[in-house]
Amino acid sequence: MAQVRIVLENADDPVSRELTAEFFADIATRYAGAATAPPPLDLAELRAPDGTWLVLYDGDEPVGCGGLRRCDDHTAEVRRLFLRPAARGRNLARTLMAELEDVARRRGYRRIRLDTGDRQPEALRIYLTSGYQEIGDYNGNPNARHWLEKDLTPRPGDVRVVARKYDGRLHWHATLPRLGEDEHGVWLGATAHTPWRRGAEPAVFIPATHVVLIPHEGDWVAAFNASPHRTEIYIDVSDRPVWHSPDEVVSIDLDLDVVRRRESGEVLLLDEDEFDEHRVAFGYPDDVVAAARRTAEELLAAVRAHTEPFGTASVPWLERMR
């Protein structure tokens with residue numbers, strides 16, 4: 001599979017002009033007979049420091065685009081979000097939206113706005129399931145029927161979950177709401193629309209509701225996936241997760257993973273080859289190697305036996321996410 005990447009571009013370069021032309025052709029087809037053209041856009045508004053223009057590539061093929069323009073000191077607007085038809089149905093629009101939102105946060109914007117019409121139901125569904133709320137008409141677009149806004153400021157109770165590799169580089173990370181705490185640890189929630197990132201790569205989406213358990217005791221972090229995900233439990237062997245603050249927890253991922261498949265109930269130890277590779281490349285000390293292998297064996301036994309929290313402990317927390 002080709003690698004998806006997102007590149008900061010000039011909205012007036014040849015690739016961007018071609019994508020924009022396809023965007024307008026798509027809008028013209030959808031809104032044939034509609035009143036007038038959408039509000040005009042000065043391409044200068046899509047340039048730094050106030051704006052941004054991104055192109056999404058699937059390998060070497062440009063497949064989508066989208067931009068941000070400044071509305072005021074605190075508000076940015078999404079413009080010309082587009083995916084070529086062949087790239088649709090793979091969550092790439094969500095990936096591009098997550099990138100635009102992250103750029104807006106880095107630029108200091110507190111909220112982000114956009115509009116869409118009734119003839120773009122798939123776009124509206126993405127926005128509504130990504131945390132956007134309906135607001136009043138803010139731009140006078142005659143083709144729009146929905147004006148939406150998302151608050152980009154941290155929500156009370158949100159926790160940034162960070163996994164790093166032994167050499168310190170950023171691995172998987174996401175921001176998740178805190179659901180609560182029990183005797184097993186702190187439970188965090190996510191949906192199929194929650195963006196996860198590996199390092200600086202574009203966001204990806206786990207195709208099911210899931211909860212993450214940060215244990216009170218234990219050198220691991222566990223994810224419990226709702227049906228229909230084929231993997232019921234996915235546990236990363238790590239060092240002891242450390243709470244750097246009430247809203248950030250960090251662990252060192254040591255490669256070994258214990259999983260339980262949903263249909264078969266099979267329990268597996270994954271990525272032993274990666275563990276052996278990184279043991280040499282990163283110079284894992286002997287005590288770290290021994291502890292990781294011991295933790296993996298203990299987890300394999302506990303998951304096979306459905307010993308809590310690997311039995312039904314996750315069920316009420318998953319129910320909270322429905």
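What to note about this one:
- For region 35-193, the alpha-carbon coordinates run over 60, 38, 32 Å along the three principal axes, in decreasing order.
- Each of the peptides 212-219, 61-68 was scored by the mean count of other Cβ atoms within 10 Å over its residues; in descending order, highest first, they stand as 61-68, 212-219.
- With only the Cα atoms considered, the chain has a convex hull volume of 154 Å³ per residue.
- What a 1.4 Å probe finds exposed on the chain is 51% carbon and sulfur by accessible area, rounded to a whole percent.
- Solvent exposure of region 1-136 amounts to 50 Å² per residue of accessible area, where only protein heavy atoms count and the probe is 1.4 Å.
- The ellipsoid equivalent to the alpha-carbon distribution of region 1-98 has semi-axes of 21, 19, 12 angstrom, derived from the gyration tensor eigenvalues as √(5λ) and listed largest first.
- With all pairs of separate Cα atoms included, region 111-199 yields a Kirkwood hydrodynamic radius of 15.7 Å.
- Probing with 1.4 Å while keeping every protein chain in the model, the per residue accessible area of region 140-249 equals 45 Å².
- FRET efficiency, 1/(1 + (r/R0)^6) with R0 45 Å, evaluated for D167 and A44 via beta carbons: 0.60
- Semi-axis lengths, largest first, of the ellipsoid equivalent to region 175-322 are 23, 18, 16 Å, with √(5λ) applied to each eigenvalue of the Cα gyration tensor.
- Distance between region 293-310 and region 89-158 - C-alpha centres, whole angstrom: 41
- Kirkwood hydrodynamic radius (C-alpha pairs) into Stokes-Einstein, region 124-174, 25 °C and 0.890 mPa s, D in µm²/s: 172
- Computed 3J(HN,Hα) for region 72-81, one whole-Hz value per residue from the Karplus formula 6.51 cos²θ - 1.76 cosθ + 1.60 where θ = phi - 60°, is 7, 4, 10, 10, 10, 10, 7, 10, 6, 6, glycine and proline marked x.
- For region 227-276, the C-alpha radius of gyration divided by 2.2 N^0.38 Å, with N the number of residues, is 1.39.
- Pairwise Cα inverse-distance average, inverted: Kirkwood Rh of region 147-257 (Å): 14.5
- Proximal charge balance of D247 [Cβ under 13 Å; K/R count +1, D/E count -1]: +1
- In plain terms, the chain from A2 to D118 could stretch by 38.5 nm, reckoned as 0.36 nm per residue minus the Cα-Cα distance.
The values are calculated or read from the model by the stated rules, or taken from the named source; none is laboratory data. Everything numeric in this text was worked out from a predicted model, so none of it was measured. Here Cβ is always computed from backbone atoms with ideal geometry, including for glycine, and neighbour counts include all displayed protein chains. Accessible surface areas use protein heavy atoms only, side chains included; no ligands, DNA or RNA. Shrake-Rupley method; radii C 1.70, N 1.55, O 1.52, S 1.80 Å.
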